[in-house]
1. Give, as a single signed number, the net charge of other residues whose beta carbon lies under 15 Å from the beta carbon of Gly95, with Lys and Arg counted +1 and Asp and Glu -1.
2. Ranking request for peptides 262-269, 190-197: highest mean number of other beta-carbon atoms within 10 Å first, then the rest in descending order.
3. Sorted by accessible area with a 1.4 angstrom probe, largest first, how do Arg65, Arg131 fall?
4. Quick one: length gained pulling Ala146 to Val60 fully straight, 0.36 nm per residue minus the C-alpha distance?
5. What is the sum of charges, Lys and Arg at +1 and Asp and Glu at -1, for the other residues whose Cβ falls under 14 Å from the Cβ of Val120?
6. Between Glu270 and residues 5 or more places away or on another chain, which pairs have amide H atoms under 5 Å apart, with H built 1.01 Å from N, and which residues are they?
7. Modelling each spin label as a point 7 Å along the Cα-to-Cβ direction, I'd like the Arg242/Val156 distance in nm, to one decimal.
8. Let a ≥ b ≥ c be the square roots of the eigenvalues of the Cα gyration tensor of region 47-135; is it rounded (a/c under 1.5), or, if not, prolate (a/b larger than b/c) or oblate?
Amino acid sequence: MTALTSPNSAAGAHRFGVLFVFAAGVLWSTVGLGIRMIEDAVVWQILLYRSISMTLFLYVVIRLRSGESPFAQIRRMGVASVIAGLSLVAAFSGGIYSIQHTSVANAMLLFATAPFMAAVLGWIVLREPVRIATWIAIAIAIGGIAIMVADKSGSVALNGSLAALGSAFGFAVFTVSLRWGRTGEMLPSVFLSGLFAIVVTVAVCKLSGLPIVISAQDGAVSMGMGVFQVGAGLILYTLGSRSLPAAELALLSLAEVLLGPFWVWLFLGETASLNTLLGGAVLLVAIAGNALSGKRRKPPPITAP
């Protein structure tokens, strides 16, 4: 027997979905503020402590939600989970580095190119069709990126911008890996990425002579980001995204992009360059236009490579 969902319950699920996904965006938007609060730690040290707290938090959450070990879920996902986990290590490290070397506004706006990269990567790897409107949005987004980096040639900020694009590419690989593995469950792969990150960061710290032990403040901020900024954000997004179409998810994701620069301006007085604001506006138009143009379309089917 198939149960019918009443309009009221469907509307309620939609409202909670919007609330949860927006709340996830708010939590994710605090990454720039968190990184700015770090006094001495570098990217590998921050990622180490953030990964430790995130991994412990997600292990408990996965056990409570599913009643089984996350390792059992990872085994079922197979190679796709490993690729997704490794890609997140690159995405997280690139994201931290970029915020330390360019403005939060510049980094957050460039992170937002990940869905476009995922669309192209899915087209290449999974043979998923890409809508004409999405190709147009990608072209507009490239123009916006060009404006954003035009005034950063030969500066440290250019390295930060390139790292932000590398981080976006890592998130794109993560997304496509989950689709290739035919799973909508993100948490086990994120948990695995935390384990990978711990191994990688400890090795890098040892080889480069960086101390494993950092100051109490830097450690507390890093571990707080692992639990609240990454972990809790993922939980809320996972719960909310089940009742929302892809177009609404894309539009709600703009909360993260817009609020990230707002927090550092409000609390730290950090501003963005004119090129970042102009190029970012073009990029946001591309993202919003692509989401609105596909609002009534179903997502493309997943095909094996």
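The values are calculated or read from the model by the stated rules, or taken from the named source; none is laboratory data. None of the values given here were measured: they were computed from a predicted structure. With ideal geometry, Cβ positions are generated from the backbone for all residues, glycine too; neighbour counts draw on all protein chains shown. For the accessible areas, the whole protein counts, side chains as well, though only heavy atoms, and no ligand, DNA or RNA atoms are used. Shrake-Rupley method; radii C 1.70, N 1.55, O 1.52, S 1.80 Å.
1. +1
2. Result, highest mean Cβ count within 10 Å first: 190-197, 262-269.
3. Reading off the accessible areas and sorting them downward yields Arg65, Arg131.
4. 26.7 nm
5. +2
6. Excluding prolines and chain starts, which carry no amide H, the hits are Trp265.
7. 4.5
8. Oblate, since a/c reaches 1.5 and b/c is not below a/b.
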